[in-house]
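What follows draws every value from the coordinates through simple rules; no lab data is involved. Keep in mind that what you see is a predicted model, and the values were worked out from it rather than measured. Cβ placement follows ideal geometry from the backbone for every residue including glycine, while neighbour counts extend to all protein chains displayed.
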Amino acid sequence: MRKVEIAKKIERLFRKAVGEITDTRIYFSGKAWNYDSRGRKTVITDIVGSDYCYSNDDTITCSFEGPLYEAMYEWGEGCLMEQIQDMLRTYGYYAQTGNYWNFTLYQ
């Protein structure tokens with residue numbers, strides 16, 4: 001699995017949907033890309049998603065609030081979750097929601 005490549009694509013889809021990413025984390029490889037309430041991105045090391053939410057620590061887990069939370073569940077053709085699923089299929093993965101505010105990847 002090319003985790004950084006997939007995480008960057010998820011990040012791009014998030015930005016396309018809401019512009020500035022806030023109150024979000026993308027967990028993978030023992031770290032998290034953390035986007036605070038002002039949209040500042042930092043990297044947290046020595047962290048796993050399962051300490052905070054439903055997670056598959058072997059792949060990628062995303063947790064989100066605010067505008068991204070709303071965008072994830074605007075269902076319909078071309079919705080954000082559908083775009084994420086389409087992108088993940090090219091890598092042999094799919095996203096499974098754990099709660100309304102997070103999803104994790106599985107083969």
Karplus-derived 3J(HN,Hα), 6.51/-1.76/1.60, for each residue of the range 27-37, Hz, glycine and proline x = 9, 5, 6, x, 9, 9, 7, 10, 10, 7, 5
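So which trypsin sites (Lys or Arg not before Pro) in the range 1-92 end up in coil per DSSP with only 16 or fewer other C-beta atoms within 10 Å?
Details: sites: R2, K3, K8, K9, R12, R15, K16, R25, K31, R38, R40, K41, R89; in loops: R2, R38, R40.
Answer by residue number: R2, R38, R40.
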Taking Cα centroids, how far is the range 54-98 from the range 12-44 in Å?
-> 14
Hull surface over four for the Cα convex hull of the chain, reported in nm², is 5.9
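What number comes out for the charge environment of N34, summing +1 per Lys or Arg and -1 per Asp or Glu over other residues with Cβ under 10 Å away?
On the way: positive: R25, K31, R40, K41; negative: D23, D36.
So the surrounding residues net to +2.
Fully extended, how many nm does the chain gain between D86 and E20 (0.36 nm per residue separation, minus their Cα-Cα distance)? Can you show the working numbers first?
On the way: separation 66, 0.36 × 66 = 23.76 nm, distance 2.22 nm.
Full extension from D86 to E20 adds 21.5 nm.
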